[in-house]
């Protein structure tokens, strides 16, 4: 049974969704709406710390180091309705099992494993998740 908290955790985010939102790419408006909806409902969208790290390094590596630091600061100060979820030993093994079984990135395994654990849809535009959706491993809300 997934851990419970006072918040409902309506969606799980992957790095693709957050990067689209931060860069104002296609799908950004939907991510913004989900963040606004969560804020209004007192909800928090879930994000694995592994995926948060992926957002950070991709921003920094692309020359947006200041934006990467700003993003981490927003998460730490709870300025966006996102709850970081640590990569516990159990979550590492669950992500590794998904990675071993399907052709997905290891970090994507953390997002999918978190969605499965909480029984929540995963918000993404990353087509790599199609194989998991087809296999019934997790529900996807496509951007």
Can you tell me which of 67, 91 is in contact (Cβ under 8 Å) with a residue 12 or more places away in the chain and over 24 Å from residue 36 (Cα atoms)? 91
Being surrounded by 15 or more Cβ atoms within 10 Å (Cβ to Cβ) and either over 18 Å from residue 47 (Cβ atoms) or at pLDDT below 95 (or both) is the filter here; which residues of the range 86-99 pass it? 99
Tell me, yes or no, whether the range 120-133 has at least one residue that is within 23 Å of residue 21 (Cα to Cα), touching a helix residue (DSSP H, G or I) at 6+ places or on another chain (Cβ under 8 Å), surrounded by fewer than 18 Cβ atoms within 10 Å (Cβ to Cβ) and at pLDDT 95 or above. yes
How many residues are outside any helix (DSSP H, G or I), under 20 Å from residue 87 (Cα atoms) and touching a helix residue (DSSP H, G or I) at 6+ places or on another chain (Cβ under 7 Å) if we restrict to the range 103-119? 2
Of all residues in the range 100-112, which are within 21 Å of residue 90 (Cβ to Cβ) and either touching a residue at least 24 places away in the same chain (Cβ under 8 Å) or surrounded by fewer than 20 Cβ atoms within 10 Å (Cβ to Cβ) (or both)? 100, 101, 102, 104, 105, 106, 107, 108, 110, 111, 112
Looking at this structure, is residue 73 more than 15 Å from the chain's Cα centre (by Cα) and modelled with pLDDT under 95? no
Hey, does the range 34-56 have a residue that's more than 13 Å from the chain's Cα centre (by Cα), over 16 Å from residue 22 (Cα atoms) and outside any helix (DSSP H, G or I)? yes
Would you pick out the residues in the range 70-88 that are touching a residue at least 24 places away in the same chain (Cβ under 8 Å), part of a loop (DSSP other than H, G, I, E, B) and under 12 Å from residue 49 (Cα atoms)? 86, 87
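The values are calculated or read from the model by the stated rules, or taken from the named source; none is laboratory data. Everything quoted here is computed from the prediction, not taken from an experiment. Cβ: placed from backbone, ideal geometry, glycine included. Neighbour counts: every protein chain shown.
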